[in-house]
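Novice: So that we are looking at the same thing, I have put the structure below in structure tokens.
The values are calculated or read from the model by the stated rules, or taken from the named source; none is laboratory data. The structure presented is a predicted model; accordingly, all values stated were derived computationally and were not measured. For neighbour counting, all protein chains shown are included, and Cβ atoms are generated from backbone atoms with ideal geometry for every residue, glycine included.
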Amino acid sequence: MNKLKRLSLAVVCAGLSYQVQATPTVLQTMGSSAVTYSLFTVKNPPVGVTIPAIQNLLQNNLNASTTNIKLTACWVSGDSNVTPINCGNGAMQFGNADMYTYNGASNIRGFSVSKAPLVASDPKSDTLDQVILSSKGTNFVVGTVGIPNSGDVVGRVVNIHFNQRVAQFGMLVDSGQLDAQSAKGIQFLVNHQTTPVQPLTNGEPTIVGVEDKAGFTDITIIASGETGTTSESRAWIADHFSFVPMSAF
């Protein structure tokens with residue numbers, strides 16, 4: 001019995017030690033086994049064409065692409081302040097009201113999809129690119145059409161939960177249009193530790209990410225503005241949300 005108790009204690013201590021060893025580090029490239037989601041919204045499909053059929057067509061386009069990294073479509077139910085964002089049936093779940101989606105201006109290149117009619121018998125039928133919105137997860141305040149997104153002075157954190165333990169997380173961040181105030185950096189809170197700020201440059205989409213070999217199921221994204229200002233703006237927009245499961249790390 002004493003031997004069994006010693007063995008059980010050793011197992012518990014080993015588990016605790018594993019958690020203590022958590023050491024999040026920043027990264028700018030994702031592992032080759034990463035699962036990468038891009039956000040899309042379906043609008044007004046033509047009569048006789050179902051939304052699932054459109055979703056399958058887009059995924060086929062994504063799978064056939066030779067110019068983009070392998071992307072999986074994450075479907076957002078609307079294009080104006082719709083939350084939460086749920087990718088892969090819970091594989092990656094954004095917190096309620098943490099992010100917004102819209103089809104506004106972005107320096108992140110949209111994915112080119114088929115321009116063939118969705119209804120083969122009707123050459124005037126809408127095409128796939130006409131009924132798909134390339135949405136983005138964003139902290140921008142949705143502003144007036146034609147006016148640069150002004151950003152959120154207060155700033156919001158973004159919380160993401162994974163339904164399995166992951167070793168890496170990353171995303172392609174656009175810190176804003178050149179003529180709009182925006183975030184100057186992104187940092188992550190992982191396993192109760194905060195990473196250094198990864199700097200951003202207006203108008204230049206940048207991959208920012210974090211790795212922790214101990215693994216994690218939750219992450220908080222924190223945007224920062226210019227140091228020392230009283231009116232700093234923390235607007236940012238992102239796509240290509242990626243993670244590497246521990247099982248594939």
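Novice: Do you know which residues across the stretch 200-212 are touching a strand residue (DSSP E or B) at 6+ places or on another chain (Cβ under 9 Å), assigned to a strand (DSSP E or B) and at pLDDT below 90?
Specialist: Glu204
Novice: Go through the stretch 86-102 and give me each residue that's modelled with pLDDT of 90 or more and either assigned to a loop (DSSP other than H, G, I, E, B) or over 19 Å from Met171 (Cα atoms) (or both).
Specialist: Gly88, Asn89, Gly90, Ala91
Novice: Any chance the stretch 210-224 includes a residue that's farther than 18 Å from His240 by Cα, of a type in the set (A, V, I, L, M, F, W, C) and in contact with a helix residue (DSSP H, G or I) (Cβ under 7 Å, 6 or more places away or on another chain)?
Specialist: Yes, the stretch 210-224 contains at least one residue that is farther than 18 Å from His240 by Cα, of a type in the set (A, V, I, L, M, F, W, C) and in contact with a helix residue (DSSP H, G or I) (Cβ under 7 Å, 6 or more places away or on another chain).
Novice: So in the stretch 120-137, with the set limited to residues that are part of a loop (DSSP other than H, G, I, E, B) and buried (at least 16 other Cβ atoms within 10 Å of the Cβ), which one is nearest to the chain's Cα centre (by Cα)?
Specialist: Ranking the qualifying residues of the stretch 120-137, first place goes to Ser135.
Novice: Further question: From Gly170, Gly176, which residue is modelled with pLDDT under 85 and surrounded by 15 or more Cβ atoms within 10 Å (Cβ to Cβ)?
Specialist: Gly176
Novice: Additional query: Before we move on, is Gly209 of a type outside the set (Val, Ile, Thr) and within 15 Å of the chain's Cα centre (by Cα)?
Specialist: Spelling it out, Gly209 is indeed of a type outside the set (Val, Ile, Thr) and within 15 Å of the chain's Cα centre (by Cα).
Novice: Right, next: Starting from the stretch 120-137, keep only residues that are of a type in the set (A, V, I, L, M, F, W, C), then list their pairs with residues that are assigned to a strand (DSSP E or B) whose Cβ atoms are within a distance under 7 Å, requiring at least 6 positions of separation or different chains.
Specialist: Val131/Val42; Ile132/Phe40; Ile132/Val42; Leu133/Phe40; Leu133/Thr41
Residue-by-condition table, conditions (1) in a loop (DSSP other than H, G, I, E, B); (2) modelled with pLDDT under 90:
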| residue | (1), (2) |
| --- | --- |
| Ala14 | no, yes |
| Gln19 | no, yes |
| Ala22 | yes, yes |
| Ser33 | yes, no |
| Tyr37 | no, no |
| Pro46 | yes, yes |
| Pro52 | no, no |
| Leu57 | no, no |
| Asn63 | no, no |
